[in-house]
């Protein structure tokens, strides 16, 4: 209900007529397509450069995914050192490091402070607004954008370009052609389609010959065929602490400690999201990916074997695992699910299983369930200002670009940084084109 009221409030605000006396008088106008964080930041950057901005979105209000993502506490960015921060972007870290040079985590926190929103870093390093809410920040941001002269056009679904290069929109009143001096595309990925991120921009860009990497789910769960007992009794149970080990596609060994959640279909959670890109690509290449789970990080195999070898009398194996290895009921269920009876009866073999329990994952969950998507407009198709080489005057930003990052504030930070770069780049291009 809170989200619904927020949407209604913003939709009403965006229907209000703009104060055109405050609008820029320049003849050229920048069209921004997409009202998520990247599009809004592109609008802010362009306005700061003196450009008149029209922002179009297919939904009835902007920032819907931003609002929903903030319902459990808006994770704005992360407080870890910049060297580690950049590493979270994997294969695209060099490109994204350049985006972050002018708008990094510290700059984001200062930007929020400029909107009257103070932030704090939690024990995990994740940065949140003091009140943990997304709605107040979005309200203040939209107010500032409207005061700067941004004109919002809701219920405008972008269909591509017409023959004269005018933007082609579908609206409740029929199709509409809109000329623009430059364009920033910030259309999002293809996760959460009900909130507007449906990947519909793929068709017009593909028709224009833009090089696009296939969209794939990111920050999503992975499937394993559990027994009915585990899925019904332990779906939603956390597994923590746990160390996941895996061999990557270059035959290099990795390990990461964290936590995940058992689900009816498999596993999900922060540890899974952090290594999800590697898991997804292994499944694509090999048909499955295997994790080795250390359920008892504080014990060695030999110590565990010694503890489990003690006479257990009338204790069940489950009770014995709880008493001697410190496993909770969810971890015990996982052991019974993935360990054969012979190993359960052998203390040394069981200890080895507890330290390297093999979990085979068959597939990522569907893209519509993912938090974000990988793939999109390849960065090689863009110049240093994020302008499409094949379409001068058209810039791209946000999740529709070919990069990905785990949750923890990294997604939002890079979206905002790319929006800022695209908006500023579009303003410079318009100035040079006059």
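The values are calculated or read from the model by the stated rules, or taken from the named source; none is laboratory data. For clarity, every value in this text was computed on a predicted model and none was experimentally measured. Glycine gets a Cβ as well: all are built from the backbone with ideal geometry, and neighbour counts include every protein chain shown.
Output the residues belonging to region 262-277 that are closer than 21 Å to residue 404 by Cβ and either part of a strand (DSSP E or B) or assigned by TED's automatic domain parsing to the domain that holds residue 409 (or both). 266, 267, 268 - these are the residues of region 262-277 that are closer than 21 Å to residue 404 by Cβ and either part of a strand (DSSP E or B) or assigned by TED's automatic domain parsing to the domain that holds residue 409 (or both).
Picking from 77, 94, which residue would you name as being exposed (fewer than 15 other Cβ atoms within 10 Å of the Cβ), under 23 Å from residue 189 (Cβ atoms) and at pLDDT 95 or above?
Of the residues listed, the single one that is exposed (fewer than 15 other Cβ atoms within 10 Å of the Cβ), under 23 Å from residue 189 (Cβ atoms) and at pLDDT 95 or above is 94.
If you check 140, 146 for being surrounded by fewer than 17 Cβ atoms within 10 Å (Cβ to Cβ) and touching a residue at least 12 places away in the same chain (Cβ under 8 Å), only one passes: 140. In contact with a helix residue (DSSP H, G or I) (Cβ under 7 Å, 6 or more places away or on another chain), on the phi < 0 side of the Ramachandran plot and surrounded by fewer than 16 Cβ atoms within 10 Å (Cβ to Cβ), is that true of residue 309? Spelling it out, residue 309 is indeed in contact with a helix residue (DSSP H, G or I) (Cβ under 7 Å, 6 or more places away or on another chain), on the phi < 0 side of the Ramachandran plot and surrounded by fewer than 16 Cβ atoms within 10 Å (Cβ to Cβ). Of the numbered criteria (1) under 21 Å from residue 407 (Cβ atoms); (2) in the same structural domain as residue 329 (by TED's automatic domain parsing), the one residue 234 fails is (1). On the stretch given as region 164-207, residues that are modelled with pLDDT under 95, surrounded by fewer than 22 Cβ atoms within 10 Å (Cβ to Cβ) and touching a helix residue (DSSP H, G or I) at 6+ places or on another chain (Cβ under 7 Å) total 3.
Of the residues making up region 340-384, those that are buried (at least 17 other Cβ atoms within 10 Å of the Cβ), in contact with a strand residue (DSSP E or B) (Cβ under 9 Å, 6 or more places away or on another chain) and farther than 30 Å from residue 205 by Cβ are 354, 355, 357, 359, 361.
Within the set 213, 180, the sole residue that is within 20 Å of residue 386 (Cα to Cα), outside the structural domain of residue 332 (by TED's automatic domain parsing), assigned to a loop (DSSP other than H, G, I, E, B) and in contact (Cβ under 8 Å) with a residue 60 or more places away in the chain turns out to be 180.
Selection of region 46-73 for residues being more than 24 Å from residue 199 (Cα to Cα) and crowded, with 23+ Cβ neighbours inside 10 Å yields 46, 51. Taken over region 209-236, the criterion of being farther than 29 Å from residue 189 by Cβ and surrounded by fewer than 17 Cβ atoms within 10 Å (Cβ to Cβ) is satisfied by 227, 228, 229, 232, 233.
Against the criterion of being touching a residue at least 12 places away in the same chain (Cβ under 8 Å), touching a strand residue (DSSP E or B) at 6+ places or on another chain (Cβ under 9 Å) and in a helix (DSSP H, G or I), residue 305 does not qualify. Taken over region 183-210, the residue count meeting the criterion of being free of Cβ contacts under 8 Å to residues at least 24 places away in the same chain and over 27 Å from residue 162 (Cβ atoms) is 1.
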